[in-house]
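> Provided herewith is a single structure, encoded as structure tokens, for subsequent inquiry.
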Amino acid sequence: MNISTTIRGLMRQLTLTGFGIASLALAPMLAPMLAGAETADGGAAGKLPDLGGREIVVATENTYRPLQFLDTGGMAVGWEYDAVAEIAKRLNLVVKYENTSWDAMIPAISAGQYDMAMNGITIREDRMEAVDFSTPYMLSEMLMVVRADETRFTDAASFAADPKLLMAAQPGTTPFYIGVYDVLNSTEDDPRILKFETFGAGLAALRAGDVDLALSDSTAAHGYVDASGGALKIIGTPIGAEEFGFIFPKGSDLVAPFDAAIHEMMADGTLSALNRKWFFEAQFEE
């Protein structure tokens, strides 16, 4: 039996059945077990490699709080920045960041324009054809974000049943595909889905009343709701769960060292500490 697969299955099952927010509760509890299982299955073990001060260029979008975003002073901050900084310290890497749009990110990594990208990227089989993923560093749920005064619908089924209701989505993202196929059971050109270049733009449309729903994984949803000053809320039950990973060009020699560092950070509590910092302690401001 593959112990790692078994534990991942348990994490997914608990998330789907509603036992807490996986990225906040399940991952910190099960991550040390998972790290140990990876080692038992032949994963990274022992001392981390020293990459000799190698410089790498990391692409991001800075629109996905609390993973990566610009604070009120214009500084790029977030869970992923802290995680990559710690990984770089452990592997002896020098990291430079470049901003790019989400729709250009995977093609740019696939073409080798950057060494890595971080953007709360869901691990999916179709994406694995173009890029390599790190081991998952977070498991998150898909949630429904609405205005605080919303009473016309309470879950995905009641939203889908009212043809007057509109959804905001960023094409090419997991929330977009879940909205199309799982919520509306429709096609990607459904006029009830208004397309926006960024999640933040869709959220602004939601607050302005131009759309009625935005889907987001729990990492972003809770951050934006907490920052909304009571203007937004989360309704219904989680629609699904997704694992996040960093992406690299196919065949990158950085994948194995990053995986080893992630496993070590799971085992020693570093990732749990980052979860506490960014999901419980951080105070977001508009």
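> What is the log10 of I(q)/I(0) for the range 152-193, computed with the Debye formula using one identical point scatterer on each Cα and no solvent, at q = 0.17, 0.18, 0.24 Å⁻¹?
-0.39, -0.43, -0.77
> Once a ≥ b ≥ c are taken as the square roots of the eigenvalues of the Cα gyration tensor of the range 43-95, is the result rounded (a/c under 1.5), prolate (a/b larger than b/c) or oblate (a/b not larger than b/c)?
Judged from the Cα gyration tensor, the range 43-95 comes out prolate (a/c at least 1.5, a/b above b/c).
> Would you calculate the separation in nanometres between label points at residue 85 and residue 231, each defined as 7 Å from the Cα along the Cα-to-beta-carbon direction?
Placing both labels 7 Å along Cα→Cβ, they lie 2.9 nm apart.
> A further question follows. Sorted by mean Cβ packing within 10 Å, highest first, what order do the peptides 146-154, 65-73 take?
65-73, 146-154
> Can I ask one more? Among the DSSP beta bridges whose two residues both lie in the range 55-102, what percent are antiparallel, rounded to the nearest 5?
Close to 40 percent.
> Semi-axes of the equivalent ellipsoid of the range 83-229: what are they in whole Å, largest first, if each equals the square root of 5 times a C-alpha gyration tensor eigenvalue?
With the √(5λ) rule applied to the range 83-229, the semi-axes are 31, 17, 14 Å.
> Now a separate question. Starting from the Cα-Cα distance between residue 277 and residue 71, subtract it from 0.36 nm times their residue separation and give me the gain in nm to one decimal.
Length gained, residue 277 through residue 71: 72.7 nm.
> May I ask you to order 96-107, 257-268 by the average number of other C-beta atoms within 10 Å around their residues, highest value first?
In descending order of packing, they fall as 257-268, 96-107.
> Another question, then. For a Förster distance of 22 Å, can you work out the FRET efficiency between the beta-carbons of residue 97 and residue 268, rounded to the nearest 0.05?
0.30
> Rule-of-thumb check for the range 149-286: C-alpha Rg over 2.2 N^0.38 Å?
Dividing the Cα Rg of the range 149-286 by 2.2 N^0.38 Å gives 1.23.
> Among 195/277; 96/195; 89/277; 96/233, which pairs are too far apart, with a Cα-Cα distance over 28 Å?
195/277; 96/195; 96/233
> Counting DSSP beta bridges in the range 49-178, what percent are antiparallel, to the nearest 5?
Around 30 percent antiparallel, to the nearest 5.
> So what is log10(I(q)/I(0)) for the range 206-247 at q = 0.19, 0.23, 0.34 1/Å, when the Debye sum runs over its Cα atoms only?
Here the Debye-derived log intensity ratios amount to -0.67, -0.89, -1.34.
> Turning to a different aspect of this structure: Which FRET efficiency value, to the nearest 0.05, do you get for residue 55 and residue 186 by plugging their Cβ-Cβ distance into 1/(1 + (r/R0)^6) with R0 = 30 Å?
0.10
Bear in mind these aren't lab numbers, they're just calculated from the coordinates by the rules spelled out. The model shown is predicted, which means the values in this text are computed figures rather than measured ones. Quick reminder, even Gly has a Cβ in these numbers, built from the backbone with ideal geometry, and neighbours come from all protein chains shown.
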